[in-house]
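Here is the structure we will look at.
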Amino acid sequence: MAHSASRQRLLNFDVAELPHDVNGIADGHLYPVFLQTRDMHAYMSLRSGKEGVWSGRTHILASLDEHKVFFELEANPYVLSIREGYPLAPPDVKEDLLEGKVVARNRVMTVDFILTLPPKKFGGALRYHGVYRKPGSLSSTPAGRRRMAKEERALAELGWTWSSVKVPSDTRVAGLWKLREWAKAGPIDNAARDAAELATLLYKTGSTKELDRLLRMLGKRLGIVPADQYFVFAAAFYFGYVSVEKEAVLDEGYPLVLAPPARRPFGVSKHG
């Protein structure tokens, strides 16, 4: 079962909650997943639910590539919500969906992912962005290109943006898998304060120690018990306080290769 949704990620952008969108569809942990594993084709498919690190729900993902893209989207601290298999439907079908009626799969076009992004300016409106990821063999066909153009037009009519994305490298995915495992210890909001303090020290130190030794050294300095040190590090990553070079190996026995942080810790509230 997924941990509770992170409130700190929203508060970092002065967002109190995620409202229903212009289509009347709930966002965040309340999103009613339209596509279930039984609706997906089995051939060359890894159909399964994947618990979100900070979303507060289980995500239904259709393929190995989709899992990898999801891991990368989840790692982006500027993404407030990820809704997979988002339905775009005509008014009569939309009404049936909102009423909870069973709708035939072929009556609805779905977008791989819809991301909810923070306002560009304080007090502004939330932004929505569609993400397309299909196997290259499908994307390069005339039918695939028509599908991509159709999605982009449909989202543009809503005032939303759209893009096609590449699957991250195996090195990056391996690192993200590690971070997801480390984050399983509990809701990341429970580590918000410690994560901010650990991130500050990580960027101040010039140590080239292996990650395990580095976290033990800094964890001891901050009073973080050894059992929580990787959890706090993962929380710092998912808040954007720590960024890791995408093509660097992330492993306990390797030195940590940092990239500039996406966010500086500020106004972190105490949770847990």
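The values are calculated or read from the model by the stated rules, or taken from the named source; none is laboratory data. This is a predicted model, so every value here is computed, not measured. Reconstructed Cβ throughout: ideal geometry from the backbone, glycine too, with neighbour counts over all protein chains shown. Side chains are part of the model used for accessible areas, which takes the heavy atoms of the whole protein and leaves out ligands, DNA and RNA. Shrake-Rupley method; radii C 1.70, N 1.55, O 1.52, S 1.80 Å.
Among the residues of the stretch 244-264, is any in a helix (DSSP H, G or I) and within 19 Å of the chain's Cα centre (by Cα)? Looking through the stretch 244-264, none of the residues is in a helix (DSSP H, G or I) and within 19 Å of the chain's Cα centre (by Cα). Of note, Lys178 satisfies the criterion of being assigned to a helix (DSSP H, G or I) and under 20 Å from Ser55 (Cβ atoms). If the condition is being surrounded by 15 or more Cβ atoms within 10 Å (Cβ to Cβ), at pLDDT 95 or above and not charged (D, E, K, R), then the stretch 125-157 contributes Leu126, Tyr128, His129, Gly130, Val131, Leu155.
Being over 22 Å from Lys50 (Cβ atoms) and surrounded by 14 or more Cβ atoms within 10 Å (Cβ to Cβ) is not true of Ile188.
Of Val249, Val232, all but one fail to be open to solvent by 10 Å² or more (accessible area, probe 1.4 Å) and touching a residue at least 24 places away in the same chain (Cβ under 8 Å); the exception is Val249. Scan the stretch 162-171 and give yes if some residue there is more than 20 Å from Phe239 (Cβ to Cβ), within 20 Å of the chain's Cα centre (by Cα), of a type outside the set (D, E, K, R) and in a helix (DSSP H, G or I), otherwise no. Yes, some residue in the stretch 162-171 is more than 20 Å from Phe239 (Cβ to Cβ), within 20 Å of the chain's Cα centre (by Cα), of a type outside the set (D, E, K, R) and in a helix (DSSP H, G or I). Ser207 meets the conditions (1) modelled with pLDDT under 95; (2) under 24 Å from Lys246 (Cα atoms); (3) in contact with a Leu (Cβ under 7 Å, 6 or more places away or on another chain); (4) surrounded by 15 or more Cβ atoms within 10 Å (Cβ to Cβ) in every case but one. The failed one is (4).
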